[in-house]
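Structure first, then comments.
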Amino acid sequence: MAGGASSEAAEGKKGAAPPRPAGRARDALVFAAGVAAAVLALALLDPASSALAPGRGLVAFPVPGPADGPRTFYDDPELSYEAVGGRRVAEWDAKRAAWLRSRGLGSRRPERVVMVSGSQPEPCRGPGGDHLLLRFLKNKVDYCRLHGVELLYNNALLEPSMAAYWAKIPAVRAAMLAHPEAEWVWWVDADAVFTDMDFSLPLARYAAYNLVLYGWPEEVYERRRWLGLNAGVFLIRNCQWSLDFLDAWARMGPAYPDHAAWGKTIKAALSDRDSDVACDQSALAYMLLANRERWGDRIYLGTDYYFQGYFAEIVGKLGGVAARYEAAERAAGPGVRRRHAEREHLAYAAARNAAVRAAVPGPDGGGQRGWRRPFVTHFTGCNPCGGRRNPMYSRELCDGGMRRALGFADDQVLRAYGFRHAAPLNDTVRPLPFDYPAARSR
């Protein structure tokens with residue numbers, strides 16, 4: 001992805017505090033509080049696993065088959081999945097709502113998320129690039145499996161003229177139409193790593209918004225900087241507003257005849273843009289700046305946690321982060337450290353976060369300050385597949401940083417299987433002792 005962001009988001013008191021529970025009682029309370037929160041999260045994320053669910057899967061039973069059931073928007077021959085040259089999708093909110101009703105999915109359904117990522121259709125030019133893409137993909141598969149998120153990984157150019165960083169727009173738009181059951185579509189660049197496998201998207205925080213971006217409002221709206229946000233990771237609601245936004249964004253791209261003119265307009269409008277070729281991120285910044293009245297109220301732009309963190313300020317801290325988490329778990333008691341099935345991950349993640357939150361400074365999901373795990377570490381500029389690394393980054397910083405971040409995340413996954421890596425840059429794994437990390441691994 002071109003141009004990443006250059007840097008990184010009262011307690012009420014009445015009367016005397018209650019006595020602090022000691023020993024096992026305190027451990028049990030911490031663990032139980034986390035489990036209670038996670039049970040609610042699990043019910044919201046996966047109603048099929050709930051005792052209240054009548055069946056398993058995404059839709060109610062029985063499911064209409066090819067020869068029966070009410071007609072839906074899919075039966076309209078004018079429906080176009082194409083982001084360029086196709087017919088505009090109109091009245092999407094009503095069409096999507098009708099489809100949900102036809103499948104027995106009412107308005108009180110949980111907010112399902114589909115993650116979309118992808119890479120080029122041809123082999124990587126960079127040495128080892130295909131292997132790194134495989135590891136990046138595995139990381140996303142792991143996160144989605146643990147959090148009940150569906151993953152669409154696309155390596156086809158749905159619009160050949162919208163290549164490279166522009167390819168995300170046709171993919172996201174098509175995913176909205178293909179997944180009407182999803183409330184959110186979550187684009188994640190191929191070179192982004194989930195480095196906190198315990199953190200879940202705070203969807204309730206975005207109830208009033210249709211687009212979630214990582215960035216600084218003052219950098220975009222006041223200093224007019226395209227590096228004041230990052231387009232490599234974003235969350236967009238599956239609604240008419242979003243389809244219209246994607247259509248407007250795409251019209252600045254290379255598939256349209258005004259692309260060159262847009263590049264000059266964008267360069268003139270942004271204070272830090274030195275190229276007159278419009279990229280996805282500079283076009284996005286321009287849309288926010290020039291059409292704030294139309295789009296701004298529905299866009300969440302913030303840095304309250306590492307929705308996507310700048311790798312250069314993260315990778316050097318991962319060792320310290322891991323050490324602090326281990327210390328917090330050792331102090332928290334055996335309930336947090338208890339072995340468990342992988343499908344119980346969210347319950348134990350909530351309990352672990354409750355213990356870590358009291359001992360390790362920083363926001364859930366990480367941030368520039370503190371020592372919490374960064375949610376997403378984005379290796380913007382390293383270009384592992386293309387092989388043309390931004391010259392401001394050394395090979396050691398990019399290649400070593402990617403291996404370190406991937407291993408850091410993988411250790412969190414391997415723990416449910418009883419293993420971890422022998423060292424941060426070592427692909428060898430070793431077994432974990434019972435009651436890890438209270439008991440030292442050999």
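Remarks
- Listed conditions (1) open to solvent by less than 10 Å² (accessible area, probe 1.4 Å); (2) at positive phi; (3) of a type outside the set (Val, Ile, Thr) are all met by residue 224, apart from (1).
- When residues in the stretch 112-129 are screened for being surrounded by 18 or more Cβ atoms within 10 Å (Cβ to Cβ) and among the basic types (Lys, Arg), 1 of them pass.
- Candidate set: the stretch 267-288, residues that are part of a helix (DSSP H, G or I) and in contact with a Lys or Arg (Cβ under 6 Å, 6 or more places away or on another chain); chosen: the one nearest to residue 163 (Cα to Cα): 282
- In the stretch 301-343, residue nearest to the chain's Cα centre (by Cα) [restricted to those that are of a type in the set (Ser, Thr, Tyr) and farther than 20 Å from residue 421 by Cα]: 306
- Looking only at the stretch 146-179, and only at residues there that are of a type in the set (A, V, I, L, M, F, W, C) and open to solvent by less than 10 Å² (accessible area, probe 1.4 Å), the one that is farthest from residue 198 (Cα to Cα): 162
- The set of residues from the stretch 393-427 being buried (at least 16 other Cβ atoms within 10 Å of the Cβ) and among the hydroxyl-bearing types (Ser, Thr, Tyr) comprises just one member, 393.
- Conditions (1) at pLDDT 95 or above; (2) surrounded by 20 or more Cβ atoms within 10 Å (Cβ to Cβ); (3) over 30 Å from residue 220 (Cα atoms); number of the one not met by residue 319: (2)
- In this structure, residue 356 qualifies as more than 20 Å from the chain's Cα centre (by Cα), of a type in the set (Val, Ile, Thr), over 19 Å from residue 425 (Cα atoms) and outside any loop (DSSP other than H, G, I, E, B).
- Only a single criterion out of (1) at pLDDT 95 or above; (2) out of contact with any Gly (no Cβ under 9 Å at 6 or more places or on another chain) is not satisfied by residue 332, namely (1).
- Of all residues in the stretch 95-111, those satisfying the criterion of being within 15 Å of residue 179 (Cα to Cα), open to solvent by 60 Å² or more (accessible area, probe 1.4 Å) and of a type outside the set (Asp, Glu) are 95, 101, 109.
- Scan the stretch 362-386 for residues that are under 18 Å from the mean Cα position of the chain (by Cα), open to solvent by 10 Å² or more (accessible area, probe 1.4 Å) and under 15 Å from residue 192 (Cβ atoms) and the total you get is 1.
- One residue from 290, 358 being of a type in the set (Gly, Ala, Ser), open to solvent by 30 Å² or more (accessible area, probe 1.4 Å) and farther than 30 Å from residue 191 by Cβ: 358
- Among residues of the stretch 242-256, those that are under 19 Å from residue 289 (Cβ atoms) and assigned to a loop (DSSP other than H, G, I, E, B), counted: 3
The values are calculated or read from the model by the stated rules, or taken from the named source; none is laboratory data. Computed from a predicted structure; not experimentally measured. Every residue, glycine as well, gets a Cβ built from its backbone with ideal geometry; the counts of neighbours run over all protein chains shown. Areas reflect the complete protein model, heavy atoms only, side chains present, ligands, DNA and RNA absent. Shrake-Rupley method; radii C 1.70, N 1.55, O 1.52, S 1.80 Å.
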